[in-house]
Amino acid sequence: MSKRKTSYSIERKKTRWGWIFVTPTLIFFLLFSFYPIFNAFYTSLFNKKLLSLKPPDFISFNNYSYLLKSLDFWDSIRATLVFTLGTFTPLLIFSLIFAIFIMSRKRLQKFFQIAYYSPAVLSSVVAAVIWLLIFDPRGLGNQWLNLIMNTPGIDHKWLANSVMVQMSTMLVYFWKYVGYFTIIFIVGLASIPQSIYEAAKIDGANDWKNFWYITLPLLKPTTILVSIMSMLQCLKTFSTQYLFTQGGAPLAPINVITLNVYHTAIRDHQIGRASAMSIILFAIMLFFTWVQFRTSRADEISY
Amino acid sequence: MSDNLNKKKNKTSTQSLIIDLFIWIFLILTAIFILAPTIFMFTASVMPANDILKMPYRWIPKSIYWQNYWQGIRGNDGTFIYIRNILNSLIVASVVAASTVILSSLAGFGLAKYYFKGRTIVFMMIMATMMIPFEAIMIPLYLVTTKLGLQDSYAGLIAPFLVNAFGVFLMRQYFITFPDEILDAARIDGASELMIFRTIILPNSMPAMATLAILTFKSQWDNLLWPLLVVQSEEMKTIPLYIVKFTAEKHTNEGAMMAVAAIASIPILIVFFKLSKYFLSGAVLYSSRKG
């Protein structure tokens, strides 16, 4: 009888302590995540202005219909999607190639991992400043591209031409994050059991067949993960574009959504409209996350 | 991964020798491309401006030109505000890292080792915040911060980052593997729950906590967007804001620009080379949060 009572009170005590441990974090998220996201949606229904003393008017979805008619905002969506597709595709392909190549080496594996990962350690502002100089008309960008393409003395207008400046932001991002995703692929590769390859060897498979019929299918979960992670990261891009425009690059071709939100809120004081933009960004990202869940649920792999 | 296969073939076929050679060249050329900008930053930071944008670029400086570092630290206006800005970054990043580690391990422990009603819902709620990007909530946060008068203060810089869902997830995953028997034995010996947390859990979770601390510190060290919104005065700026401002100033020469960037990168690079396993495992841990 008494034994049952003590175990019961231990259970009660454990329940209480469970709540005590999670409460601070829970309060934080209610205040700093859930409240702001509802507030952002709420604000997006008003014509709220920064520093305005007049109480904002409720205008229902007018901010959204304004944005959907605004060429400037469609330009931002275009810039964001072009940047995302143009960055994440090479990121995915090259990080996979790098991972496979590095893992096939017997020597210098560690060196390559650290070397490829090192740009991810630099802050994004530092990365943007370095590349600002590389993309200078007299900088390394022109020197190297002219060397590769054998076109001495040509200025490729890395930061001036509207197509080139988009390529430049993509290149910076690719350079900074390719090592990060390479490491994730390496982990994915390392988790494939060696016994599968040994079995394939007995069956007479060559390297190419190994890759095509074993490595690639088994890496599918990692591939999906990397593609969604890099996609979400690209959709949120801000620092590179911000610094390049500060450094004199034209704004229009690289006016990604986050940059537009910042300008609309801080420079134009249009808080309501900026909130509507960030809700649209949120919706786009939710859509991609939903895609991730759908595709990764569909094919759980067991070895 | 196919080492064993390669070993035998290398001796027999020239074709795979060529492939092998191709892979080496490819990897080395890529490594050069990836390392070059960082090396460029360090070499340019000790060159006079005229030498930096010269064709072809001289990778080994003729002499070390330290004036760039002096100009970077001193600033164009001679106020040495960069030192203060570095200090700000250190304070913000350290406080955020410490609070993230503490709150995440408390919550992670609670979620991993206590079976209370609503636990699943709490966990799902916390995980759901991962889907809310900071960029979507920065404006409401900014409005609240200004309303509370916290703009341009450490509190304002720190508050939105005290803990994050990834940290909670990471610590929970780590604690879940911890054997219940040890905790129960301590309870029978009369240890309180807090004592269990402090004397058993904390000392045994150093690797996970170090990884989390490094990742959090680094993400704050790099943070540009939030400080850009809430900081107004020169004194409260953090390193990224100083770099942005310094780069845009007329009198800044390219060498000083690189010196400022190098100063911001040296500490984090040293930590990276010393503790690369935590960084690399950090990348891995991030990836393990898949659905």
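Every read-out reported here was derived from the displayed coordinates using simple, explicitly stated rules and does not represent laboratory data. Predicted, not measured: the structure shown is a model, and the values here were computed from it. Here the Cβ positions follow ideal geometry from the backbone for every residue, glycine too, while neighbour counts run over all protein chains shown.
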Checklist entry - For region B:3-73, what are the per-bin percents of Cα-Cα distances with bins 10 Å wide, up to the bin holding the maximum? => result 17, 29, 18, 14, 15, 6, 0
Checklist outcome for this item: Taking a ≥ b ≥ c as the square roots of the eigenvalues of the Cα gyration tensor, with a/c under 1.5 meaning rounded and otherwise prolate when a/b exceeds b/c and oblate if not, chain B is oblate
Checklist entry - Arranged from highest to lowest average of other beta-carbon atoms within 10 Å per residue, in what order do the peptides A:265-276, A:207-218 appear? => result A:265-276, A:207-218
Checklist entry - By how many nm would the segment from A:Ile202 to A:Ile154 grow when fully extended, if each residue of separation counts as 0.36 nm and the alpha-carbon distance is taken off? => result 11.8 nm
Checklist entry - What size of dipole, in debye to the nearest 20, comes out for chain B about its Cα centre when the only charges are +1 on Lys and Arg C-beta atoms and -1 on Asp and Glu C-beta atoms? => result 680 debye
Checklist outcome for this item: Counting Lys and Arg as +1 and Asp and Glu as -1 over every other residue whose Cβ sits under 13 Å from the Cβ of A:Phe112, the net charge comes to +4
Checklist entry - With charges set only on the Cβ (+1 for Lys and Arg, -1 for Asp and Glu), what does the dipole of chain A come to about its Cα centre, in debye to the nearest 20? => result 1320 debye
Checklist outcome for this item: trypsin sites (Lys or Arg not before Pro) in region A:8-37 lying in a DSSP loop, each with at most 16 other Cβ atoms within 10 Å of its Cβ, come to none
Checklist entry - Rounded to the nearest whole Å³, what is the per residue volume of the convex hull around the Cα atoms of region A:62-298? => result 150 Å³
Checklist entry - For region B:189-254, which trypsin sites (Lys or Arg not before Pro) are in a loop by DSSP, counting at most 10 other Cβ atoms within 10 Å? => result B:Lys250
Item to check | Dipole magnitude (debye, nearest 20) for the protein assembly as shown, charges at Cβ of Lys, Arg, Asp, Glu | outcome: 1140 debye
Checklist outcome for this item: The FRET efficiency for B:Met124 and B:Trp66, from their Cβ-Cβ distance with R0 = 51 Å and rounded to 0.05, is 0.40
Checklist outcome for this item: Here the relative contact order (percent) of chain B, from C-alpha pairs under 8 Å and at least 6 apart, is 29 percent
Checklist outcome for this item: In the structure shown, of A:Lys106/A:Lys201; A:Lys14/B:Lys277; A:Lys157/A:Lys220; A:Lys48/A:Lys236, the pairs separated by more than 31 angstrom at the C-alpha atoms are A:Lys14/B:Lys277; A:Lys157/A:Lys220
Checklist outcome for this item: The Rg/Rh figure for region B:118-212, Cα atoms and Kirkwood Rh, to two decimals is 1.10
Item to check | For A:Tyr262, net neighbour charge (Lys/Arg +1, Asp/Glu -1) across residues whose Cβ lies under 13 Å away | outcome: +1
Checklist entry - Mind checking which aspartates and glutamates have their C-alpha under 20 Å from B:Lys245, skipping anything on the same chain fewer than 8 residues away? => result A:Asp136, B:Asp77, B:Asp152, B:Asp222, B:Glu234, B:Glu235, B:Glu254
Next on the checklist: I'd like the trypsin sites (Lys or Arg not before Pro) in region A:50-155 restricted to DSSP loop residues with at most 10 other Cβ atoms within 10 Å, sorted by number.
Outcome noted: A:Lys106, A:Arg107
Item to check | Relative contact order of chain A, pairs being alpha-carbon contacts under 8 Å that are 6 or more residues apart, as % | outcome: 30 percent
Item to check | Descending principal axes extents, region A:158-224, alpha-carbon based, whole Å | outcome: 57, 20, 16
Item to check | Residue-averaged 222 nm ellipticity for chain A, from DSSP H runs of 4+ at -39500 (n - 2.57), nearest 500 | outcome: -23000 deg cm²/dmol
Checklist entry - Rg and Dmax of the protein assembly as shown, Cα atoms, in Å? => result 26.0, 93
Next on the checklist: Quick check for you: which residues of region B:236-264 have the amide N under 14 Å from the point 7 Å beyond the Cα of B:Leu90 toward its beta carbon?
Outcome noted: B:239, B:264
Next on the checklist: Please compute, for peptide B:36-44, the average count of beta-carbon atoms on other protein chains lying within 10 Å of each residue's beta-carbon.
Outcome noted: 5
Item to check | Given charges at Cβ of Lys, Arg, Asp, Glu: region B:3-73 dipole, positive-most of B:Ser13, B:Pro48, B:Gln71 | outcome: B:Ser13
Item to check | Radius 11 Å from Cβ of B:Thr79, net charge of other residues (Lys, Arg +1; Asp, Glu -1) | outcome: -1
Checklist entry - Taking +1 at the Cβ of each Lys and Arg and -1 at the Cβ of each Asp and Glu, which of A:Thr23, A:Thr223, A:Thr295 sits farthest along the dipole of chain A towards its positive end, judged by Cα position relative to the Cα centre? => result A:Thr23
Checklist entry - So, by mean Cβ neighbours within 10 angstrom, what's the order for A:22-30, B:52-60, B:133-141 with the highest one leading? => result B:133-141, A:22-30, B:52-60
Checklist entry - So for region A:35-183, taking the charge dipole from beta-carbon charges (+1 Lys/Arg, -1 Asp/Glu), which of A:Phe73, A:Val165, A:Ser95 sits furthest toward the positive end? => result A:Ser95
Checklist entry - What nm distance separates the two modelled labels at A:Thr89 and A:Thr23, each placed 7 Å from Cα along Cα→Cβ? => result 5.4 nm
